[in-house]
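Here is the structure we will look at.
Read the figures in this text as sums done on the coordinates, not as results from a lab. Just so it is clear, the model here is predicted, and its values are computed rather than measured. Methodologically, a virtual Cβ is constructed for each residue, glycine included, from the backbone with ideal geometry; neighbour enumeration extends over all protein chains shown.
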Amino acid sequence: MNTPFVYQDIEEILSRYEKEETPLLCILEDIQEKWGYLPRDVLGYVARRLGIPSSTVYGVATFYAFLEVRPVGKYVIRVCKSTPCHVRGATDVLEALKRELGIREGETTKDGKFTLEVTSCLGVCGVAPAMMVNDVTYGNLTEERIREILALYRE
Amino acid sequence: MFYRAHVLVEMTSSSVALGAAQVKEQLEREIARAGLGNEVKVLETGSFGAALPSPFVVVYPDNVIYAPVSVRDVRRIVEEHLLKGRVVRELLFAGERGGGVATFIPPSPLKKEKRVVLRNSGLIDPLNIEEYIARDGYLALAKVLTEMTPEEVIEVVKRSGLQGRGGAGFPTGLKWEFTRKAEGEEKYIVCNADEGEPGTFKDRLILEGDPHSVLEAMAIAGYAVGANQGYIYVRAEYPQSIRHLEVAIAQAKERGLLGERILGTSFSFDVKIRRGAGAYVCGEETALLESIEGKRGEPRVKPPYPPQKGLWGKPTVINNVETLANIPPIILNGPDWFRSIGTPTCPGTKVFTLTGNVNNLGLVEVPMGITLRELVFEIGGGIRGGHGLKLVQTGGPSGGTMTPDLLDVPMAFDTLPRYNSALGSGALTVIDDTHCIVDIVKNFAEFFLHESCGKCTPCRVGGKRIVDILERISAGAGSPEDLEKLRYLGQHMKATAFCGLGQAAPNPLLRCLEFFREEFEVHVREKCCPQGVCTMRPKPQPKKTVRV
């Protein structure tokens, strides 16, 4: 996550989509996957290389919930607040996470480990309330389970 | 290699969220420890729906189902069952079938179920194309390519009466025909797997449990309309669907079932995956096209519709995952077979996802025309905790609000609009009577506020105003005029918003204002929340935060 930005790496990502007509979103996703977020100077570099206005690139980067233009924690926790989770106690889950992590929605813990975000439906309503930690989904959450899950990532 | 037993573990996002990956790892470890590594093979399979609790483990050829299984149970299953051949009775799935020994192959679906779309889910290993082929997979594609003209394919789909399962219910055959007739050398097939409607996860379980059925259908659609390139747009929240699709595409290409000159014919078709990045509005088909084109996912002006001008301005078919999964069986069994299921005006099955305060959560595939009562009280096992039913939201926040008086309306695309409701994606969010209607409507409104793309004013500003007023009401600071304001805002948003998202957003609000009028009025008149959910305390002024 703290890998320094090497423009060769960005070039490598750009080259993956040479044949694509409109690769911007794919490129941004790949950059984020490598570095965790999309730094402004990288966005500018991508804009120049693709020959599109940097405002367009920034517009895309800020449109999508999964794209981050600010540094985020090593683990991004996304808590679902949509109705199926809401009616099964998502509010309590969010409160418990805030308490355990000592941060509010949209914030990152001081040690840079966790970012807490609220999201729309994760599509695992069968095990509501649910959350995602990076790519991994957890369901049937209770306060106790949240403590257990956080412990896995705290090590 | 010959294995004397196969152990299938349900590996879907839902079951993994409950520890299925650990169960699988533990199974492999224990099997190796018991020295059975060369005799017993562990495989992954998809969801079997609401009929089986997650995660489940099936032992073949003994046809024994253990469900739900936790890591702690694994050692006993391996030592007792796999090593000593004794079924572990306490861990068996008792389920619906009278609590006896649950041995069945294939697992029998629930009584009212009819499996077309989910024909393979939970039975095959989705990561192995041979298991799909063994169950007549790619036979429909072979039939189409060798025995039928594109026009005949479109005719069969038209005659089947298949309607788009994404929510709009548009006749699929017509969509294909428009695209076939549209002028242009290059055409595209796009599969909409941006299933963002809260409460919906059918497409995810289809992609995770049977990805080839969608790929095969896309190739058939490509042949029918004259397209050689397909795109599947999958939402970022579904990493496992993406993984299964990647494997499936690679396997299909390896066997010449996708790619150049499929099955030695002159037809070529390739499929690429496009990953979304967390934007509900991209489920709207033109916003989805914008997103594939690498732009902000803002909807386009319609017309022109995608069959005329779609991806990069070329004629494009956009079909939902569930719609596509219906195609191979329709080709193989014929349109009359399909028409024999469901209602005369809305044939086929529908996959519903039961969510919220209902006893049995999960997905279930039933013929169109089933009633909400059957779904919630028979298949869903009734309301949790013995509470009463307040409402069922169908098709997510943009769908319809079904109040208890509508429990016996047949569920189909053409029947629900008569009751100001909609079938939508098939999500059923059951809400019990301990919930406060203001809180629920606020939850819907917050969702739309969060997901509005900001392109048009009615949705961007109207959504914000609605949330503000609802917050005021739940904080005990509402006035009777607020209810009138909500109705006014809702009606204007519905009439003037640019796309389907903004037009549908006020639907639950308007319906609930009408049906639960009294509860709203108690909130604003007596400043009291009958369910005790709203705080009814005006929010304290935010403290000034000092930035360091």
Residue-wise, which Karplus ³J(HN,Hα) couplings in Hz belong to segment B:210-225, taking 6.51 cos²θ - 1.76 cosθ + 1.60, θ = phi - 60°, and x for glycine or proline?
-> 7, x, 5, 4, 6, 4, 4, 5, 5, 5, 4, 4, x, 4, 5, 9
Taking the dipole of the protein assembly as shown about the Cα centre (Lys, Arg +1; Asp, Glu -1; charges at Cβ), the one of B:L82, B:V281, B:H523 that reaches farthest to the positive side is B:H523
FRET E, pair B:D468, B:E151, Förster distance 51 Å, beta-carbon r, rounded to 0.05 = 0.40
Ranked list, fewest to most other Cβ atoms within 10 Å of each Cβ, for B:S47, B:S452 = B:S452, B:S47
Under-5 Å amide H pairs with B:G342, H placed in peptide plane, nonlocal only = B:G348, B:M368
In whole angstrom, the spacing between the Cα centers of segment B:367-431 and segment B:175-251 equals 28
FRET efficiency for A:V133 and A:D9, Cβ-Cβ distance as r, R0 = 25 Å, nearest 0.05?
-> 0.50
Would you work out the charge dipole size for chain B about its Cα centre, treating the Cβ of every Lys and Arg as +1 and the Cβ of every Asp and Glu as -1, and quote it to the nearest 20 debye?
-> 1100
May I ask which of B:K309/B:K455; B:K494/B:K527; A:K19/B:K295; A:K81/B:K464 have a Cα-Cα span longer than 24 Å here?
-> B:K494/B:K527
Can you list the residues, at least 5 places off or on another chain, whose amide H is less than 5 Å from the amide H of B:K114, using H built in the peptide plane?
-> B:E365, B:V366
Loop-resident sites, segment A:18-96, for trypsin sites (Lys or Arg not before Pro), counting at most 10 other Cβ within 10 Å (DSSP) | A:K19
In segment B:349-432, taking the dipole from +1 charges on Lys and Arg beta carbons and -1 charges on Asp and Glu beta carbons about the Cα centre, the listed residue (B:N359, B:P397, B:S421) farthest towards the positive end is B:P397
Calculated FRET efficiency, B:R159 and B:E514, Cβ-Cβ r, R0 45 Å, to nearest 0.05?
-> 0.65
Divide the volume of the convex hull of the Cα atoms of the protein assembly as shown by its number of residues and quote the answer in cubic angstrom per residue.
-> 166
To the nearest 500 deg cm²/dmol, what mean residue ellipticity at 222 nm is calculated for chain B from DSSP H runs of n ≥ 4 alone, each contributing -39,500 (n - 2.57), summed and divided by the residues?
-> -10500 deg cm²/dmol
The simple spin-label model distance between A:K74 and B:D62, using points 7 Å out along Cα→Cβ, in nm, is 4.2
Simple Cβ-charge dipole of the protein assembly as shown, Lys/Arg +1 and Asp/Glu -1, about Cα centre, in debye nearest 20 = 1140
Treating the angle as unsigned and between 0 and 90°, give the value, to the nearest 10°, between the Cα long axis of helix A:54-63 and the longest Cα principal axis of chain A.
-> 20
Unit charges on C-beta of K, R, D, E only; dipole of segment B:290-390, Debye | 400
3J(HN,Hα) from dihedral phi, segment B:291-306, Karplus parametrisation 6.51/-1.76/1.60, rounded to Hz, x for glycine, proline = 5, 4, 7, x, 10, 4, x, 9, x, 9, 6, 10, x, x, 7, x
Across segment B:238-243, in residue order, what do the Karplus-derived ³J(HN,Hα) couplings come to in whole Hz, using 6.51 cos²θ - 1.76 cosθ + 1.60 with θ = phi - 60° and x for Gly and Pro?
-> 10, x, 6, 4, 5, 4
Within segment B:27-47, the residues whose backbone N lies under 18 Å from a label point placed 7 Å from the Cα of B:L83 along the Cα-to-Cβ direction are B:27-42
So who's got an amide H within less than 5 Å of the one on B:T371, skipping anything under 5 residues away but keeping other chains? H placed 1.01 Å off N, in plane.
-> B:M411
Taking A:W35, B:W337, B:W176 and counting other C-beta atoms within 10 Å, the order from fewest to most | B:W337, A:W35, B:W176
Return, ordered by residue number, the residues of segment B:367-395 whose backbone nitrogen is under 16 Å from a label point located 7 Å along Cα→Cβ of B:D408.
-> B:370-378
Got a sec? Charge dipole of chain A, +1 on Cβ for Lys and Arg, -1 for Asp and Glu; which of A:I52, A:T83, A:P71 is way out at the positive end?
-> A:T83
